[in-house]
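Novice: Before I ask anything, here is the structure I am working with.
The values are calculated or read from the model by the stated rules, or taken from the named source; none is laboratory data. Please read these numbers as outputs of a predicted model, since none were measured by experiment. Virtual Cβ from ideal backbone geometry, glycine too; neighbours counted across all protein chains shown. These accessible areas exclude ligands, DNA and RNA; they are computed on the full protein's heavy atoms, side chains included. Shrake-Rupley method; radii C 1.70, N 1.55, O 1.52, S 1.80 Å.
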Amino acid sequence: MLRNVGIRGRLLFAFLGISTFAVLSAAAALYSFIEVGKIISQISGFEAPAAMGSLELSRQAEQMVGAAPALLSVATEGEREPIWASFSAEGERLDKMMLDLKAGRAIGDISVDVIGWSVKELRSNLEKLNDLVARRLRFDRNVEDLLNKFRNSYGNTRRLLSSSMAEVELNIEVSRVMGVESSTTTDEQVTQNAQLVSLIAARTSLQMADKHLSTIYTIVLEAILAKQPEQLATSWADQSENLMVRAQVALGVFETIAETLSSELAKALKVEIQQFRETFEGSANLFSELKGQSSMTEKARKVLVDNSLLSSELSGAVEQLVDISKKNITDSFFEATSVQQVSTLALMVIVALSLISSVLIVWLYVGRNLIVRLTELSVCMESVAGGDLKVHLPSGGADDEIGRMANALTVFRDTAVEIEENNLREIAQTQQRLLDAIESISEGFCYFDSNDRLIVANNRYRSLMYPGAEATVMVGMTFEEVIRNAAERGYIKDAENRIDEWVAERLAQHRQPGPPHIQQRSNGRWVMVIERRTGDRGTVAVYSDITELKQREEELAEKSSSMEQLSNQLAKYLSPQVYDSIVGGKREVKVASHRRKLSIFFSDIAGFTETADQLESEDLTKLLNHYLTEMSDIAIEYGATIDKYVGDAIVIFFGDPETRGHKEDALACVKMAIAMRQRMTKLQGIWRDSGISRPLRCRIGINTGFCTVGNFGSEARMDYTIIGSGVNLASRLESAATPDEILVSHETYALVKDQILCDSTGTMELKGISHPVETYRVVDLYTNLQRDRQVIQEEFPNFNLEIDLEKLSADEHSRALVALRHAMEKLGRAEEDENRNVL
């Protein structure tokens, strides 16, 4: 019957018998576990929690004491608040631990009381530390405010003294020069000498004032350095009193000297001296605040020392509690041991019976039947797994699980033999194809395994690494051997005179492959190296000869540099907008033009011929170039297109090749003209100081209208310019303007009147213009005039209102009010009629 059951059934029957003994063992163990569990409950429910709670409380207190210096080191209130919030949370946790510990006061009441007192004192000290830090931060802010006030006063005083000193030095030098060069009488010389002595005395007073000002600064600096943390061990209180007295004395001397100076300087210095007194005197002076700051810091450090002592007392009390708990746990352990001894004896008997039955089962069935067959089958399977497909396999034999496994192993072995033969043929063919492919590529190819030894390399790699000595590269060489031999043979240009350093750099690149890098060889060749890591931690690399690419790159770089230089030179002959549009490909360089509404600007220099006659050609050229440069910079700043320079005249327009709209172009043009006029005012002073008796003054005319703009000329030579009646009108306006005057046409005025104040000059008869031209004189921008506009202007379809309140006479003002009231009455009646028609 057992043979028909099979191996699984037989083993199940044997294990059921052994399980009977296991049930008996479990019953004996259960009794032991119940008794031991009672003892463990006592330990874990009372003794251990008390000990662990006290230890946790001690660690929490030590952690808070250790973190307290962080509160002392804060620099701002924003840093203090989160740290104190953290301390408060940790303190609440410490109080909760103390309450939990007091709930089991049966252990060591005295020790618990000591712990409670230590915790309470620790919390009190931390709150005291927080208060001291808050007070120290207030002193910090007061010190910083006083120092800022001192720095401002010191800087102002220093500037006043420096300015006065420079003025006195200049007057002394002028007096000396005048005394040497003049041929005055004896009385006049005496007067000059007296003035010189007075100036020298003033200089001496200024020098003494400057010296005492430096003394004040040095005292303040000494006070700041003396209160640094590393200086707190010294008597800062005594130092602060001494420094305050020294500062007040120095300030008194400085004030006495200041009173001897000029009245204007003495008045200015008196204000700054008052600021110094507010810094050095009073109950909240700089030195008292520094003293308070140091005092708060020292008290806070004493609190930290007290916290350390409290932490030590707390640790001692906790150790007493832990010792009591250890004694109680030891007594419970002995009681549990006696219970375990009785249970162990019963278990040993049951286990002995189980072992005897197990030995019989293993020896009679498992060892003599199953193990022998499984061992033989296992040995055969290991041989097959190791690649020995010719090993002798056991026959199936009995019709059980082991027999079926033996039959399955035989089938598997036969199948594996057939697959192996097919794979070997395919691997040999694939390997040969791979070698042929690697050899056929034009780049050098190599593969190093995880130990950095050469496995595969084609002839191109050998010729690149060792030109003329390809046989030197052999399979099995390490990567370091390959590159070091190449460097020592002089094949690598970068490794000359630095072989070891270069080898180290190359090994680092090889072990951590990154982007491609380039090597220069001694034979003038350039090689690009591309390395990659493989899945088996090997390295594959491709070496490409890029010598021709490097040569072409150098040629292109030279040509590019030449083209850039030529382009920069040509740019000076064109307006920036035209140049950018041509270079950017937005405009074709061909003879072509188009109609465009532009704002045209003409300017020239009034009386330039007379000025030219008075100057040498070199001075005239320098003066004209200076004028044109200044005006051109302003034009470029406002986005203008500079058309041309005609002697002293400048032609500029807005609206092509780029436009911001007719209104914005006109505004930019007139604003540019105003800026040029303002700049000319400053330049006139500069030119007059340089010796030009009649500085240049310009006239400006501006018109807005349609013009023809584009490239005019031939395909061989062309000019980007504008033509048309609008250009001619702008030129005539410029001729009609007086020096420093800007005349604009009505078309331009209509576009800029909202932002620029213009005065009407009536109509003018201009040469070459068939009709009278209404002109306006540009005054300035409303924002520059710093006043509200006194103009009322509204305009939309079927409505146009414009009133200049500044120009209205009293009679015109009354007539305007009557007209407006009459118009409002008509509008009101029209609205009423319209409403009645709707109803």
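Novice: Through the Karplus equation 6.51 cos²θ - 1.76 cosθ + 1.60, θ set to phi - 60°, convert the phi angles of the range 670-676 into ³J(HN,Hα) values in whole Hz; use x for Gly and Pro.
Specialist: For the range 670-676, the Karplus-derived couplings read 5, 4, 4, 4, 5, 4, 5 Hz, x marking Gly and Pro.
Novice: I'd like the Karplus ³J(HN,Hα) series for the range 490-504: coefficients 6.51, -1.76, 1.60, θ = phi - 60°, whole numbers in Hz, and an x wherever there's a Gly or Pro.
Specialist: Running phi through 6.51 cos²θ - 1.76 cosθ + 1.60 with θ = phi - 60° gives x, 7, 9, 5, 5, 8, 5, 6, 8, 5, 4, 5, 5, 4, 5 Hz.
Novice: Hey, another quick one. I'd like the carbon and sulfur percentage of the solvent accessible area for the range 642-708, probe radius 1.4 Å, heavy atoms only, ligands and nucleic acids excluded.
Specialist: Here carbon and sulfur together make up 51 percent of the probe-accessible area.
Novice: Just to confirm the filter: which trypsin sites (Lys or Arg not before Pro) across the range 437-503 are DSSP coil and have at most 16 other Cβ within 10 angstrom of their Cβ?
Specialist: ARG489, ARG498
Novice: Calculate the spin-label point distance for ASN798 paired with THR330, positioning each point 7 Å from the Cα along the beta-carbon direction, and give it in nanometres.
Specialist: Calculated label separation equals 11.4 nm.
Novice: Can you give me the long-range amide H partners of ILE742? Hydrogens built in the peptide plane at 1.01 Å from N, cutoff under 5 Å, separation of 5 or more residues or another chain.
Specialist: Residues meeting the criterion, in which the H sits 1.01 Å from N, are VAL778.
Novice: Cβ neighbours within 10 Å, averaged per peptide: list 635-644, 827-836 in order, most packed at the top.
Specialist: Answer by packing, highest mean first, reads 635-644, 827-836.
Novice: One quarter of the convex hull surface, Cα atoms only: what value does that give for the range 616-708 in nm²?
Specialist: Computing the convex hull of the Cα atoms and averaging its projections yields 6.4 nm².
Novice: Could you sort ASP452, ASP754, ASP811, ASP613 by accessible area so the largest value comes first, with the probe set to 1.4 Å?
Specialist: ASP613, ASP811, ASP754, ASP452
Novice: Run the simple label-point estimate for ARG277 and THR763 please: 7 Å along Cα→C-beta, distance reported in nm.
Specialist: 7.5 nm
Novice: Still on this model: Taking 30 Å as R0, compute the FRET efficiency from the Cβ-Cβ separation of ALA26 and VAL379 and round it to 0.05.
Specialist: Efficiency computed from Cβ-Cβ geometry: 0.15.
Novice: Please tell me which of these pairs span more than 29 angstrom C-alpha to C-alpha: LYS211/LYS299; LYS644/LYS671; LYS267/LYS682?
Specialist: LYS211/LYS299; LYS267/LYS682
Novice: Starting from 0.36 nm per residue, how many nanometres of slack lie between ALA408 and ALA346 once their C-alpha separation is accounted for?
Specialist: 17.5 nm
Novice: For ILE492, which sequence-distant residues (separation of 5 or more, or a different chain) have an amide H within less than 5 Å of its own amide H, given hydrogens modelled in the peptide plane?
Specialist: So ILE492 has HN proximity to SER522.
Novice: Another question about this same structure. If we sort 664-675, 262-273 on the protection proxy, mean other Cβ atoms within 10 Å, highest first, what's the order?
Specialist: Result, highest mean Cβ count within 10 Å first: 664-675, 262-273.
Novice: So, R0 is 25 Å and r is the distance between the beta-carbons of MET208 and ARG159; what FRET efficiency does that work out to, to 0.05?
Specialist: In this case the efficiency is close to 0.90.
Novice: Can you compute 3J(HN,Hα) from phi for each residue in the range 251-258, using the Karplus curve 6.51 cos²θ - 1.76 cosθ + 1.60 with θ = phi - 60°, rounded to whole Hz and x for Gly and Pro?
Specialist: Listing the rounded values in order: 5, x, 5, 4, 5, 4, 5, 4 Hz.
Novice: While we're on this one: Given a cut-off of 21 Å, name the pairs among LYS128/LYS302; LYS149/LYS270; LYS128/LYS149 whose C-alpha atoms lie farther apart than that in the structure shown.
Specialist: Beyond 21 Å: LYS128/LYS149.
Novice: Please give the per residue accessible area of the range 624-708, computed with a probe of 1.4 Å over protein heavy atoms only, in Å².
Specialist: About 42 Å² of surface per residue is accessible.
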